[in-house]
Structure formats: C-alpha cells, structure tokens
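Please treat every number below as a calculation from the coordinates, not as lab data. Note that this is a predicted model, so its numbers are computed, not measured. All Cβ positions, even for glycine, are placed from backbone atoms using ideal geometry, and neighbour counts span all protein chains on display.
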Amino acid sequence: MSNADQAVLMLLALIGLYSPVAAVSSYIPLLQPVDSRQHPRLALGLFINVAAIALVTILVGEPLLELLGLTTAALSATGGIALIIAAVPLMLGKNDDHASTSTEAAIAPPSTSWRAVVFMPLTFPLTVGGATIAVLISFRALVDGVTGVLALTIAALIHAAITGACVYVAGRAGRCLSDRARMILDRVAGILLTAIAATLLASGFTRLVVDVLKAMHVL
C-alpha cells in the first residue's frame, strides 16, 4: 500500500474517531461563555493546537512518549478525568442559571476569553486524546521516508482544519438556539461527554493495568 493510501486511511480513521456531528453538539455548551466575536479565533486556535500536536506526534511521538515514560493508555485516562470535570456540571444542570440571566447577558457580553477553553477541554481531550495519538503513531510506523511523512502531515492538517470548522459551526449554531434549547442541549451534551469520559477512563485504566501485569510477567 502506497504512502498516499496510508495517509487517506489515517485521515478517515481520524475523522471517524473524531465524529464531527457529535463534536459540534459537544462544543456548543462550552462556547456559550465565550463572546461570539471570539469564535473565529477559537476555531483558529483549535486548528493550530491540533495541527501542532499531530505534527509533533508524527515526527517524534513514539520516542517522545518512551522518553517521558508515558503511554497512550495514560493519556486516555488523563483525558477522561479532565473531561468528566467539565461534563458533570453540564449533566447536572449547573449552567442552567445562565438562562435566567439572559437579559443581563444581552447587555453585558460574556467575559470568558477563548484562551480559557481552547486547550482544555476543547483541544484535549474533546478533540485530541490517547486514541488519536495512537492512530497517528501507528500510521507513522507504516510509511517510509520523507514522502510518507509529508503525506501523513497533509492528512493531519486536513483533519485539523475540519476540527476548526466544527468549532466555527458550533458557534453559529449555538447563537440560533433559544435559552430553553440551550438548557436541554447542555443536559444532553453533559450526558454525552460524561459517557465519553467514562469510556476514556475505563479504556485507559484497563490498558494501564494490563501493561503493569505484562511488566510483572503475570500475563
């Protein structure tokens, strides 16, 4: 299989793992505290973050993880913890108070900076997690030479552009929702994000336990 074919397969795998439709619905409640005029900056910031992480992973990901003594399982577990901290308040309706102050919010725009959410939780773990890192590292091992790395880099940049576009779409979609719809979406998104967080935690900790048992020669 050629390097170009591997790059296309990697792009499809990343998009399938990312799930743009689910990502947009997850982004909407997190964008509400951010001034809508900052949403383009937020989208650009996410693109830059995802692109930078992907490029570093493709170039030096596996040796860097080994040097730091980290594994993709540890990244998944950490991402689950970070995501559950952001998701549980949404699921429990802690953000419902925003709807009762909608008139005040219309007079005084939200003060939260896009920088406060662009890395965590938007970039990590909603957009990039242990599974994403694993996909990038695994496909890097399947290509050879500068041409292969270049093909994977182009695919990674396309994926990063898709994530940025999803944030922009989420920002525009959020402005079209009523307060009641936002409250319902917050609850639904909170449940979805909590489920994702639980999956990340379970997967990460399970693989960590398996790795430890293998290191102890139990398995």
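Observations, loosely collected:
- By other beta-carbon atoms within 10 Å, ranking Asp5, Asp35 with the fewest at the front produces Asp5, Asp35.
- Cα→Cβ-extended label distance, 7 Å offset, between Val60 and Ala198, nm: 3.9
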